[in-house]
C-alpha cells in the first residue's frame, strides 16, 4: 500500500455515522489527501463535460452535484479542525493549502466544457419539464458558476482565478492573526484587590482560565467573550476594565507581523477588482446579486429604520448610566469600558435582579437539555448521547438525532468551551450535508460555542446572553439536521445569506419562554425551579439596554455597506475609514462597534458576510414577525404552526426561493413592526 492508499483521509471510515477517525488523523495527512481528492474531482468533471451524450439534468446538473465526494469529505474535516482545534502544524498546512483550495474552486467554476452544458440547460430550463427542486438546483448551480467568473473570458478569466487564490491566502492570514491575538492575551488578577466586585461564579471561571494557562494567579482575564464581557460588567476596578477593553477592541490591529490593516486593505482592493470584472462599480452592488435584499438601497432603508431610534434610545440609556455613576460618587464621563458595568447596576436597580442571580439556574447541561426538549416538542426529534463516538477533542459531546419513527436522522456534535486552539465567537458547521440523490446521506452537524469552562467537578453556568447564543447556534444546527432535500447543494443552511439567520434567530425566542424556563431552569445546587417572579422580571428587562445593543450592531452593518460601496482601486485605510464613517453617522462616543474592522472576521476571514452583515437585522425582521404566528395561536408549541415552520423553513434548505418559503410559512410578507417593538424602538404613538 502506497502513502496515498494508506492516507486515512482517503480511506473508507467504518465508524458510526461515518465520522472521521479524528484520533488517528495528523496534520501531515491533509495536503497529500486534498491534492489527490482535487485531482479525482477534476477527473469527474472532465468526464461530465466530455460526455458524448446530449446534456440533460441527470447527466450534467445532478452529476455535478454528486461529484467530488472524496474532496468534500476531506475538505470539511480540514476546514472544521482549523477553526475548532488547530495547532501550529495545522495552521502551516492551512496557509499552504488555502490558495490551492481556492485554485481548485476556480478550476471547477471556470471549467468551460462543464459550464457550456450547464449554461445550455439553463437557457432551456422552461422547456425541460423539471420538478421544482430540480429547477431550483439548476438555477443555483448556474448562478454559482456565473458569480465565480464563468462568463468571463481571456485575461479577465485568468485574472479572476488569480484574485480568488490571493484572497484565500489573505483571509486565512486575517483569521490566524486574530486567533493569535486572542490566544496570546492574558490579564493577570493577582490579589483580592484585582478581584473586587466579581461574583463567585466569575472568580471560579477566571481561576480555571489561570490554571489552564499555567498562571499562578487567582484569576486571568482572556479575550474569550464569556470571560471578558462579565469582567467588564462586574469588575469594580475601572483601570483594569479599561486595560482589558482596549486589548479586546485592538485584536488584529496591533503593529507587527500580525497587523491586519494591510491584509484588509488588499482584500478590499481585490474585491473591488472582482466587482469591476463582473461589470459592477463596487463590491456591494455585486454581492447583493444573490441576497433577498437585492440592492444596497433596500439594505439602507432597513438600517435607517433602526439607526436613529437606536441612537435616541442609547442616549437615554447613557443618561441613566451617568446618573447611576453619580449616585455612587463617580464624576468621570461614561466611557466604552464603563457601559456594561453601570448598565448592570441600572438593570439591577430597575428590575430587581442581576445576571448573577440568573446564572445558578442556567447550567450548561440543563440549557442544552432545554434546547433538545424544545426541538422535540416542536419537531418530534430526540437526542441520544453517544459516548462511544470519539470527536476531535475530549470536551465535544456526540448525540444521535432520531426522528418521530425513532430512526436516525443525523449526528449532532456539541463543542461548547473556549480554548486557545479554537477561534472566538460561536458558529455552526457541517462535516456532512444531508442529501438523498445517491443513497441517503445523513447530516453530521457541529455547534461551536466559547463558554468559560467551570473547574473540574463544578457545573458550567451560563449568562442570559450565553443561553441566547446556545439557542441561536442550535437553531442553525437544526437547520442542518432537519434538512430533507434531494441534492447536496440545496441542503441545510446553504440558502441565501439573509435567510440563513432566520432558523437560528427564531429559535432564540424559546430560550426565555416561561414554559421552557419553568421546565428546565433549575438551581444547580438545590434543583429548585427558577422562581416565576424572577422569570417575570427577566421578561420585563428584555428591552433594557436595547439602544446600546442596536447601536453596537447597526454601526457594524452601516460601516460594512459603506466600506464595500467604495470604488477605491487601491483599497482604503480601514482605521481612518472607520473613524470617518462613524463620525458621519453620529456614532455615540460611549459605544464602539461590536466588531472593529481589524478583527471583523465576518467581513475579512471569509466573503460570506462581506457587504452582508446587515443580514442579522434582515433576519430579525423575519424572526420577530414569524414568531408572532405562535403568539397569535396562543401556544409557543402550536402543532400546526410548528409543522409549517418545519416544512417551509427548517427542512426545505435552499430548495425554495426564501421569500416564497417565508410566505408559505407565515401566510403573508413580513412586517418590520414586530422587530422594532421587540427592541423598544417604535416611535411614540406608532402601533405595535
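The values are calculated or read from the model by the stated rules, or taken from the named source; none is laboratory data. What you see is a predicted model; the values in this text were computed from it and never measured. Positions of Cβ are backbone-derived with ideal geometry, glycine not excepted, and every protein chain shown enters the neighbour counts.
A compact table of results
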quantity: Qualifying residue in the range 472-493 (condition: under 19 Å from the mean Cα position of the chain (by Cα) and under 28 Å from residue 200 (Cα atoms)); calculated: yes
quantity: Sole residue being under 24 Å from residue 183 (Cβ atoms) and surrounded by fewer than 20 Cβ atoms within 10 Å (Cβ to Cβ), chosen from 158, 107, 79, 123; calculated: 79
quantity: Hey, residue 152 in a loop (DSSP other than H, G, I, E, B) and in contact with a strand residue (DSSP E or B) (Cβ under 8 Å, 6 or more places away or on another chain) or not; calculated: no
quantity: Residue in the range 536-548 that is crowded, with 24+ Cβ neighbours inside 10 Å, under 27 Å from residue 595 (Cα atoms) and in contact (Cβ under 8 Å) with a residue 24 or more places away in the chain present; calculated: yes
quantity: Matching residues, the range 230-248, being out of contact with any strand residue (DSSP E or B) (no Cβ under 8 Å at 6 or more places or on another chain) and surrounded by 19 or more Cβ atoms within 10 Å (Cβ to Cβ); calculated: 230, 232, 233, 234, 235, 241, 245, 248
quantity: Hey, residue 351 crowded, with 21+ Cβ neighbours inside 10 Å, on the phi < 0 side of the Ramachandran plot, over 28 Å from the mean Cα position of the chain (by Cα) and not assigned by TED's automatic domain parsing to the domain that holds residue 451 or not; calculated: no
quantity: Helices (runs of 4 or more DSSP H) completely within the range 1-101 that count 3 or more residues being in contact (Cβ under 8 Å) with a residue 24 or more places away in the chain and either farther than 30 Å from residue 136 by Cα or touching a strand residue (DSSP E or B) at 6+ places or on another chain (Cβ under 6 Å) (or both); calculated: 27-49, 69-84
quantity: Residue within the range 243-262 that is within 27 Å of residue 549 (Cβ to Cβ) and without any contact (Cβ under 8 Å) to a residue 60 or more places away in the chain present; calculated: yes
quantity: Only listed residue being free of Cβ contacts under 8 Å to residues at least 60 places away in the same chain and on the phi < 0 side of the Ramachandran plot, chosen from 240, 223, 268; calculated: 240
quantity: Helices (runs of 4 or more DSSP H) wholly inside the range 602-667 containing at least 1 residues that are farther than 26 Å from residue 135 by Cα; calculated: 615-633, 639-645
quantity: Looking only at the range 126-138, and only at residues there that are free of Cβ contacts under 8 Å to residues at least 60 places away in the same chain and loosely packed, with under 15 Cβ neighbours inside 10 Å, the one that is nearest to residue 569 (Cα to Cα); calculated: 126
quantity: Wholly enclosed strands (runs of 3 or more DSSP E) of the range 393-450 bearing at least 1 residues over 20 Å from residue 472 (Cα atoms) and within 22 Å of the chain's Cα centre (by Cα); calculated: 427-432
quantity: Failed criterion for residue 633 (all others in (1) in contact with a helix residue (DSSP H, G or I) (Cβ under 7 Å, 6 or more places away or on another chain); (2) touching a residue at least 12 places away in the same chain (Cβ under 8 Å) hold); calculated: (2)
quantity: Residue in the range 290-306 that is surrounded by the most Cβ atoms within 10 Å (Cβ to Cβ), counting only those that are touching a residue at least 40 places away in the same chain (Cβ under 8 Å) and closer than 21 Å to residue 681 by Cα; calculated: 299
quantity: Test set (1) crowded, with 18+ Cβ neighbours inside 10 Å; (2) without any contact (Cβ under 8 Å) to a residue 40 or more places away in the chain - residue 466 fails condition number; calculated: (2)
quantity: Given (1) in contact with a helix residue (DSSP H, G or I) (Cβ under 6 Å, 6 or more places away or on another chain); (2) surrounded by fewer than 20 Cβ atoms within 10 Å (Cβ to Cβ); (3) at pLDDT below 95, index of the condition residue 280 fails; calculated: (3)
quantity: Some residue of the range 410-419 being more than 30 Å from residue 595 (Cα to Cα) and in contact (Cβ under 8 Å) with a residue 60 or more places away in the chain; calculated: yes
